[in-house]
Amino acid sequence: MSTPSAVPVTLVQGDITQQSVDAIVNAANSSLLGGGGVDGAIHRRGGPEILAACRELRASRYGKGLRTGQAVATTAGRLDARWVVHTVGPVWSGTEDRTALLESCYREALRVAAELGARTVAFPAVSTGIYGWPMDDGARIAVRTILAEATPPVEEVRFVLFDAQAHLEFRKALAEALG
Ligand code: AR6
């Protein structure tokens with residue numbers, strides 16, 4: 001499925017580490033030193049160069065780690081991509097609205113990728129796994145932020161959804177956003 005807007009937004013069900021794109025976005029944590037979920041998969045398949053680059057970031061500009069809602073790029077190691085753009089999603093809260101932080105993840109990761117010259121960017125559904133964000137709301141936030149922010153020379157933003165439910169929620173969110 002793709003949009004008729006200036007920058008096509010596409011949805012695929014699958015494993016983001018199998019994608020061939022310029023930039024793969026990682027749902028990391030502030031340590032930048034790996035974890036489970038999509039983060040674990042990216043480091044496993046991408047190999048040790050990614051962790052080495054993350055350690056360098058921690059030893060230099062990101063001594064305290066990467067703040068929630070921010071993004072930073074490293075090599076993509078052995079992935080079929082030029083860069084991994086790491087972003088830190090907010091943990092879901094039932095009492096505090098952290099929507100702006102999740103929007104910021106998509107905006108900042110796209111900005112970092114575009115500044116590097118990426119034409120094709122793959123995103124996972126940030127915060128919707130271990131960090132507990134409800135998939136329907138996470139999908140709406142992802143889709144509306146990317147539709148608002150993606151501009152040429154970026155040529156495609158691809159959401160890579162791990163399972164059928166995530167794919168369905170993104171399809172619904174995209175259909176709603178496009179009216
Ligand atoms: N490809 C695409 N999507 C995936 C993949 C994959 N290979 N694996 C999982 N997902 P999560 P978060 C989906 O937990 O919620 C890590 O430990 C998954 O089904 O990866 O932002 C980090 O280090 C879900 O829909 O990220 C942090 O500590 C989505 O990706 C923490 O988890 C995000 O799930 C971040 O939690």
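Some observations on this one:
- Distance (nanometres) between label positions extended 7 Å along Cα→Cβ at Arg61 and Thr10: 3.0 nm
- Carbon + sulfur, % of accessible area of the chain - ligands and nucleic acids excluded, 1.4 Å: 49 percent
- Accessible surface computed residue by residue for segment 9-178, with neighbouring protein chains in place and a 1.4 Å probe, gives 45 Å² per residue.
- Inter-probe distance in nm under a simple model that places probes 7 Å from Cα toward Cβ, at Ser93 and Glu49: 3.9 nm
- Note on exposure: Thr151, Thr17 ranked by accessible area (1.4 Å probe, complete protein assembly) read Thr151, Thr17, with the most exposed listed first.
- For the peptides 80-89, 153-162, the ranking by packing is 80-89, 153-162, with the highest mean count of neighbouring Cβ atoms within 10 Å listed first.
- When Tyr131, Tyr62, Tyr106 are compared by accessible area of protein heavy atoms, the largest-first order is Tyr131, Tyr62, Tyr106, using a 1.4 Å probe.
- Gyration tensor (alpha-carbon) shape descriptor, segment 41-106, a/c threshold 1.5: prolate
- Exposure rank, largest accessible area first [Ser30, Ser60; 1.4 Å]: Ser60, Ser30
- Cα centroid separation, segment 44-63 to segment 101-120 (Å): 19 Å
- Segment 9-178, relative contact order in percent, only Cα pairs under 8 angstrom and at least six apart counted: 30 percent
- Shape summary: the chain maps onto an equivalent ellipsoid whose semi-axes, from the alpha-carbon gyration tensor, are 23, 18, 15 Å in decreasing order.
- Within the chain: Cβ-based charge dipole about Cα centre, in debye rounded to nearest 20 (Lys, Arg +1; Asp, Glu -1): 440 debye
The values are calculated or read from the model by the stated rules, or taken from the named source; none is laboratory data. Because the structure is a prediction, the values reported are computed rather than measured. No Cβ is skipped: glycine too gets one built from the backbone with ideal geometry, and neighbour counts run over all protein chains shown. Keep in mind that these areas ignore ligands, DNA and RNA; they rest on the heavy atoms of the full protein, side chains included. Shrake-Rupley method; radii C 1.70, N 1.55, O 1.52, S 1.80 Å.
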